[in-house]
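To keep things clear, I will list the structure first and then write my remarks on it.
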Amino acid sequence: QVQLVESGGGLVQAGGSLRLSCAATGRSLVLMSRAWYRQAPGKQRELAAGITSSGSTNYADSVKGRFTISEDNAKNTVYLQMNSLKPEDTAVYYCKAVGLGFVYWGRGTQVTVSS
C-alpha cells in the first residue's frame, strides 16, 4: 500500500522559510509526476508546485520566485522549499503523486504564516 507522508509544516513569521517533505512508502514514485497542493480555510485546493518524472517543474504565479520543488529519488521524497513566506501562504499543504494509472494523496501538513 502506498502512503505519502508530509512533514515540515509549522508556524513561521512573515518573511521566514520552511521546507516541506513528502516521503513515499510502498512503491517508487520515480516514474510519477508529483506536486504540492494547498488549501486555505474556505478556499478550494490549488496547485502550488509540480515536478514531472523528467524533472520539469511548474509553479503557481503566486509562489514563483519564492518556492522551489525538488526531489530525491534515492529517498523517494519530494521537497518544497518555501522562502519569503507571506500570511496568504497559510494553508494545509498536500503532497500528490500521479502516474501509471494511480493517484495518491498525503494527509497534509499545516503551514501558518503570522504577520
Practice problem: Enter the accessible area per residue of the chain (Å², integer; probe 1.4 Å; all protein chains in place). | Solution: 53
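Which of the chymotrypsin sites (Phe, Trp or Tyr not before Pro) found in segment 47-83 are loop residues per DSSP with 15 or fewer other Cβ atoms within 10 Å of their Cβ?
Numbers: sites: TYR59, PHE67, TYR79; in loops: none.
Passing sites in segment 47-83 do not exist.
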Exercise. Largest first and in whole Å, give the semi-axes of the chain's equivalent ellipsoid, each being the square root of 5 times a Cα gyration tensor eigenvalue.
Key: 23, 14, 13
Quiz item: Ignoring any ligand, DNA or RNA, what whole percent of the accessible area of the chain comes from carbon and sulfur when the probe is 1.4 angstrom?
Solution: 48
Practice problem: Highest first, please rank the peptides 32-39, 101-108, 21-28 by the mean number of other Cβ atoms sitting within 10 Å of their residues. | Solution: 32-39, 21-28, 101-108
Quiz prompt | Positive minus negative residues near SER53 (Lys, Arg vs Asp, Glu; Cβ under 12 Å) | solution = 0
Quiz item: Mind listing the Cα extents of segment 1-42 along all three principal axes, in Å, largest one first?
Solution: 36, 23, 17
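The values are calculated or read from the model by the stated rules, or taken from the named source; none is laboratory data. Just so it is clear, the model here is predicted, and its values are computed rather than measured. Positions of Cβ are backbone-derived with ideal geometry, glycine not excepted, and every protein chain shown enters the neighbour counts. The area values use the complete protein model at the heavy-atom level, side chains included, leaving out ligands, DNA and RNA. Shrake-Rupley method; radii C 1.70, N 1.55, O 1.52, S 1.80 Å.
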